[in-house]
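Colleague: Have a look at this one.
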Amino acid sequence: MDVAHCYLDGNADAVEFCPHNSYHHVIAASTYTLQEGDQPSRSGSISLFNVDPDKGGLDLFHRVETAGIFDTKWNPVGGYANPLLAQAGADGYLKIHSLEGCSNGAEDRGYLKEIASKKVSNSMCLYLDWNPSATSLTVGLSDGSVSIISFSESKLEIQEEWKAHDFELWATSFDIHQPQLVYTGSDDCKFSCWDLRDSPSNLVFQNSKIHKMGVCCIAKSLHNPNSLLTGSYDEYLRVWDVRSISKPVNETSICLGGGVWRLKHHPFVPGLVLAACMHNGFAIVKTKGDEAKVIETYQKHGSLAYGADWQNGEPMQKDGKQKTLAATCSFYDRLLRVWIPESDIVM
């Protein structure tokens with residue numbers, strides 16, 4: 001069921017619900033727009049919205065102009081008074097914004113305050129992830145490098161950087177159960193894992209045989225420490241057991257009919273995944289044991305499906321059933337939508 005929609009000021013490529021208590025109504029949507037010509041430029045923005053499913057509205061309360069943005073992530077819950085939003089920019093900068101003046105729910109109109117900025121590379125920052133304690137970030141770069149950056153007392157410092165892949169590094173993430181491990185995926189079709197306890201970081205494994213096209217996203221299960229998902233331009237969502245990485249759990253790999261650009265685990269329902277499938281809209285996939293199946297698709301966007309996220313917090317009760325809001329965005333039509341899946345959310 002559709003709740004609300006709006007059009008952004010640029011090409012929409014990422015959307016993130018704030019995971020922090022008292023801020024679950026806040027959505028951050030970001031854009032990347034290439035201005036072609038004799039002097040091409042990459043511009044972007046971050047827009048903050050309040051969402052109210054009962055009133056069916058998206059209320060824009062803040063917007064900041066930026067360089068073109070490829071990715072944003074709120075910091076994990078705990079450790080800081082205000083929520084922090086990290087930004088991976090086409091200008092090679094990693095920036096951290098604090099959400100200020102929004103502590104009393106939707107009635108307050110807050111704003112983003114930049115508290116840290118670091119020039120990571122002359123290449124573009126394509127993807128980022130926080131470690132569970134929000135003391136470090138991993139950033140994927142367009143030259144195939146990965147950068148590990150510490151964050152403390154509003155300062156960003158590059159701890160380590162190495163050439164992890166041959167082409168664009170579209171995905172990098174910490175293992176939330178073993179945060180000394182970092183995963184990377186790239187246009188070179190390789191899926192890798194690195195151990196940060198060694199210096200330089202040690203290659204734990206690298207799989208170069210399974211993905212037929214570039215690796216776009218990596219998502220460790222929130223509930224199963226041995227389960228991990230990858231998404232690829234080859235249109236497959238693959239389920240991996242990190243204890244046996246030579247091949248995925250074949251029975252649970254599933255073709256989604258479009259390049260799998262983003263995968264988001266449901267915050268409290270194990271095995272439920274929201275997928276952004278580029279040319280084939282959005283899909284909700286249920287994985288359990290040796291089975292994976294699409295239980296719902298969402299085709300209300302008219303362009304590349306890039307951004308997707310679940311709302312955090314307790315599920316809503318609607319018509320006697322538990323429901324969770326989803327937010328999705330698409331690129332060229334600049335469209336942001338908030339909707340409630342028709343499928344039952346089974347705890």
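The values are calculated or read from the model by the stated rules, or taken from the named source; none is laboratory data. None of the values given here were measured: they were computed from a predicted structure. Ideal geometry is used to build each Cβ from the backbone, glycine not excepted, and the neighbour counts take in all protein chains shown. Accessible surface areas use protein heavy atoms only, side chains included; no ligands, DNA or RNA. Shrake-Rupley method; radii C 1.70, N 1.55, O 1.52, S 1.80 Å.
Colleague: Taking the residues in region 15-29 that are in contact with a Cys (Cβ under 7 Å, 6 or more places away or on another chain) and farther than 13 Å from Leu84 by Cα as candidates, determine which candidate is most open to solvent (accessible area, probe 1.4 Å).
Modeller: His24
Colleague: Conditions: (1) at pLDDT 95 or above; (2) in a strand (DSSP E or B); (3) farther than 21 Å from Trp170 by Cβ. Lys293 meets all but one. Number of the miss?
Modeller: It fails just one condition, (1).
Colleague: Just wondering, is there one or more residues in region 168-180 that are of a type in the set (Asp, Glu), in contact with a Lys or Arg (Cβ under 9 Å, 6 or more places away or on another chain), touching a residue at least 24 places away in the same chain (Cβ under 8 Å) and over 18 Å from Gly92 (Cβ atoms)?
Modeller: Of the residues in region 168-180, the ones of a type in the set (Asp, Glu) are 168, 175.
Subsequent filtering for residues that are in contact with a Lys or Arg (Cβ under 9 Å, 6 or more places away or on another chain) retains 175.
Now restrict to residues that are touching a residue at least 24 places away in the same chain (Cβ under 8 Å): 175.
Narrowing further to those that are over 18 Å from Gly92 (Cβ atoms): 175.
Yes, there is a match, as at least one residue in region 168-180 is of a type in the set (Asp, Glu), in contact with a Lys or Arg (Cβ under 9 Å, 6 or more places away or on another chain), touching a residue at least 24 places away in the same chain (Cβ under 8 Å) and over 18 Å from Gly92 (Cβ atoms).
Colleague: Continuing with this model, one more query. Give just the number: which of (1) out of contact with any Pro (no Cβ under 8 Å at 6 or more places or on another chain); (2) touching a residue at least 24 places away in the same chain (Cβ under 8 Å); (3) not β-branched (Val, Ile, Thr) does Leu203 not satisfy?
Modeller: (2)
Colleague: Val239 - would you say it is at pLDDT below 95, closer than 30 Å to Ser208 by Cα, assigned to a strand (DSSP E or B) and of a type outside the set (Gly, Ala, Ser)? Full working, then the answer.
Modeller: Details: at pLDDT below 95: yes; closer than 30 Å to Ser208 by Cα: yes; assigned to a strand (DSSP E or B): yes; of a type outside the set (Gly, Ala, Ser): yes.
In short, yes.
Colleague: Can you find even one residue in region 99-106 that is surrounded by 16 or more Cβ atoms within 10 Å (Cβ to Cβ), within 18 Å of Gly68 (Cα to Cα) and more than 20 Å from the chain's Cα centre (by Cα)?
Modeller: No, because not a single residue in region 99-106 is surrounded by 16 or more Cβ atoms within 10 Å (Cβ to Cβ), within 18 Å of Gly68 (Cα to Cα) and more than 20 Å from the chain's Cα centre (by Cα).
Colleague: Here's a follow-up. Within region 213-227, is there a residue that is open to solvent by 20 Å² or more (accessible area, probe 1.4 Å), within 23 Å of Asp143 (Cα to Cα) and modelled with pLDDT of 95 or more?
Modeller: At the first step, the residues of region 213-227 found to be open to solvent by 20 Å² or more (accessible area, probe 1.4 Å) are 213, 222-227.
Keeping just the survivors that are within 23 Å of Asp143 (Cα to Cα) gives 213.
Then drop every residue that is not modelled with pLDDT of 95 or more, which leaves 213.
Yes: region 213-227 contains one or more residues that are open to solvent by 20 Å² or more (accessible area, probe 1.4 Å), within 23 Å of Asp143 (Cα to Cα) and modelled with pLDDT of 95 or more.
Colleague: Out of all the residues in region 261-279, which are crowded, with 18+ Cβ neighbours inside 10 Å and over 16 Å from the mean Cα position of the chain (by Cα)?
Modeller: Val269, Gly271
Colleague: So Tyr32 fits all but one of (1) farther than 21 Å from Trp170 by Cβ; (2) open to solvent by 10 Å² or more (accessible area, probe 1.4 Å); what number is the exception?
Modeller: Every listed condition holds for Tyr32 apart from (1).
Colleague: Would you be able to tell me the number of residues in region 281-303 that are without any contact (Cβ under 8 Å) to a residue 40 or more places away in the chain and open to solvent by 20 Å² or more (accessible area, probe 1.4 Å)?
Modeller: Step one: filter region 281-303 for residues without any contact (Cβ under 8 Å) to a residue 40 or more places away in the chain, giving 281, 283, 286, 288-289, 293, 297, 299, 301-303.
If we keep only those that are open to solvent by 20 Å² or more (accessible area, probe 1.4 Å) too, we end up with 286, 288-289, 293, 297, 299, 301-303.
Selection size over region 281-303: 9.
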